[in-house]
1. Could you work out the helix-only [θ] at 222 nm for the chain, with each DSSP H run of four or more residues adding -39,500 (n - 2.57) and the total divided by the number of residues, to the nearest 500 deg cm²/dmol?
2. What's the extension gain from residue 148 to residue 125 if we count 0.36 nm per residue and subtract their Cα-Cα distance?
3. Scaled to the compact-protein estimate 2.2 N^0.38 Å, what is the alpha-carbon radius of gyration of segment 1-52, rounded to two decimal places?
4. Please report the relative contact order for the chain, taking Cα pairs under 8 Å with a sequence separation of at least 6, and give it as a percent rounded to a whole number.
5. Among DSSP beta bridges whose residues both lie in the chain, state the antiparallel percentage, nearest 5.
6. Taking the Cα-to-Cβ direction at residue 50 and at residue 191 and moving 7 Å from each Cα, how far apart do the two end points lie in nm?
7. Give the order of 33, 203 when sorted by the count of other beta carbons within 10 angstrom, beginning with the fewest.
8. Pulled fully out, how much extra length does the chain show between residue 162 and residue 175, if you take 0.36 nm times their separation in residues and subtract their Cα-Cα distance?
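Since every read-out is calculated from the coordinates, none of them should be taken as a lab result. Keep in mind that this is a model prediction, so the values were computed, not measured. Because the Cβ atoms are built from the backbone with ideal geometry, glycine has one as well, and the counts that use them run over all protein chains shown.
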């Protein structure tokens, strides 16, 4: 049995760690996951069910849940990926030319603190995904995310090491007084931002 401790970890970390544990299996086995909130239970249960695994949940206390996932078959590594290499049909490869364009340090409209937490979770999830973007563009308020004090620097540095281009608008850095505080990636300009978006197979705006 493989055990995953998701206690005290914010979404989507318990789900990602569960996926990693299952992916690391070399033979059929059982994965036991401990979490402390209903959202993690729902997310992991949905993933396990959609993947064809048998999952059961036990509520140990108000903030302690145990999920038991029976992995009866090891799937090929390529199975389940969003994008696959296929020269004959013209599909993109595992990275393709996906561009993520981030114009704010928060995700969505509404509460500012929630929006910042969502953006942090989004970038963490991107850093852990099997299908990665080719480029991430940061402009306007999004420039703060690549600079000193950003809670996403570790995830962005991991992405950079994996070959993802991290580019931040120079005009935006100047406007916010961040030119000397850039900690990850390169400085870019609006012409390059437009060109990068135009040549992309997919542009994602979180």
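1. Working: 6 runs with 65 residues, N = 206.
Value at 222 nm, helices only: -9500 deg cm²/dmol.
2. Details: separation 23, 0.36 × 23 = 8.28 nm, distance 2.08 nm.
Residue separation times 0.36 nm, minus the Cα-Cα distance, leaves 6.2 nm.
3. Details: Rg = 10.4 Å, N = 52, 2.2 N^0.38 = 9.9 Å.
Dividing the Cα radius of gyration by 2.2 N^0.38 Å gives 1.05.
4. On the way: 353 pairs, mean separation 33.6, N = 206.
Rounded, it is 16 percent for the chain.
5. Values: 16 of 34 bridges.
So the antiparallel bridges in the chain amount to around 45 percent.
6. The answer from the label model is 4.2 nm.
7. Numbers: 33 28, 203 16.
By the 10 Å Cβ count, ascending, the order reads 203, 33.
8. On the way: separation 13, 0.36 × 13 = 4.68 nm, distance 2.97 nm.
Length difference between fully extended and current span is 1.7 nm.
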